[in-house]
Amino acid sequence: MAASCLRWAVLGVFAAVLTGCGGPSGPPRFRVSGPVTCGGRPVPHGEILFSPDGRQGNKGPQGIAIIKDGRYDTEGSRAPGASGGPTVVRVTALESPGGGLIGEHEFTIDLPQADSEQPIEIPAPAKPGRGPEI
């Protein structure tokens, strides 16, 4: 009987450690949002990945934002917020949710350690017939 109680107590502690005891854990995340354009026109759909730039000593969680109708917001995504500081941003711009690729763009930015609006401009692709006709 005592072994059974001990086993349940150990499992309870293990579950609390895995779930973080129900409270916030890890480094802080900050909401990042704003407009996304390509060649000056709103991007209809896509995704943005915010990765801390480890080469510049930044650590923390990645953030993801969905682009919809020319805007993005990390709030409510499967990886909400960004850690702030030096960040590598990877943008994939699409014509529609399952549609053709408009362009991909990667750049670095020093995000503030606070919620912020960050406009993103993707250079128009060099391919004729792509980009500005969004």
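The values are calculated or read from the model by the stated rules, or taken from the named source; none is laboratory data. If you're wondering where the values come from, they're calculated on a predicted model, not measured in any experiment. Note: ideal-geometry Cβ built from the backbone for every residue, glycine included; neighbour counts use all protein chains shown.
Of the residues screened, ALA93 is one that is among the small types (Gly, Ala, Ser) and under 15 Å from the mean Cα position of the chain (by Cα). Among the residues making up segment 77-93, those that are part of a strand (DSSP E or B) and either touching an Asp or Glu at 6+ places or on another chain (Cβ under 6 Å) or not aliphatic (A, V, I, L, M) (or both) are GLY85, PRO86, THR87, VAL88, ARG90, THR92. Taking the criterion of being touching a strand residue (DSSP E or B) at 6+ places or on another chain (Cβ under 7 Å) and either modelled with pLDDT under 70 or surrounded by 15 or more Cβ atoms within 10 Å (Cβ to Cβ) (or both), the residues of segment 117-134 that qualify are GLN118, ILE120, GLU121, ILE122, ALA124, PRO125, ARG130, GLY131, PRO132, ILE134.
Can you report the number of residues in segment 55-76 which are of a type in the set (Asp, Glu) and either assigned to a helix (DSSP H, G or I) or modelled with pLDDT of 95 or more (or both)? Qualifying residue count for the region: 2. Whether a residue is assigned to a strand (DSSP E or B) and either at pLDDT 85 or above or out of contact with any Phe, Trp or Tyr (no Cβ under 7 Å at 6 or more places or on another chain) (or both) was assessed, and ALA16 does not pass this test. Scan ALA93, ALA124, ALA114 and give me the residue that is in contact (Cβ under 8 Å) with a residue 12 or more places away in the chain, closer than 22 Å to GLY26 by Cα and among the hydrophobic types (A, V, I, L, M, F, W, C). Just one listed residue meets the conditions, ALA114.
For GLN56, the criteria (1) buried (at least 16 other Cβ atoms within 10 Å of the Cβ); (2) under 13 Å from LEU111 (Cβ atoms); (3) among the polar types (S, T, N, Q) hold in every case but one, which is (1).
Residue selection: GLY46 satisfies the criterion of being at positive phi, modelled with pLDDT of 95 or more, buried (at least 17 other Cβ atoms within 10 Å of the Cβ) and touching a strand residue (DSSP E or B) at 6+ places or on another chain (Cβ under 8 Å).
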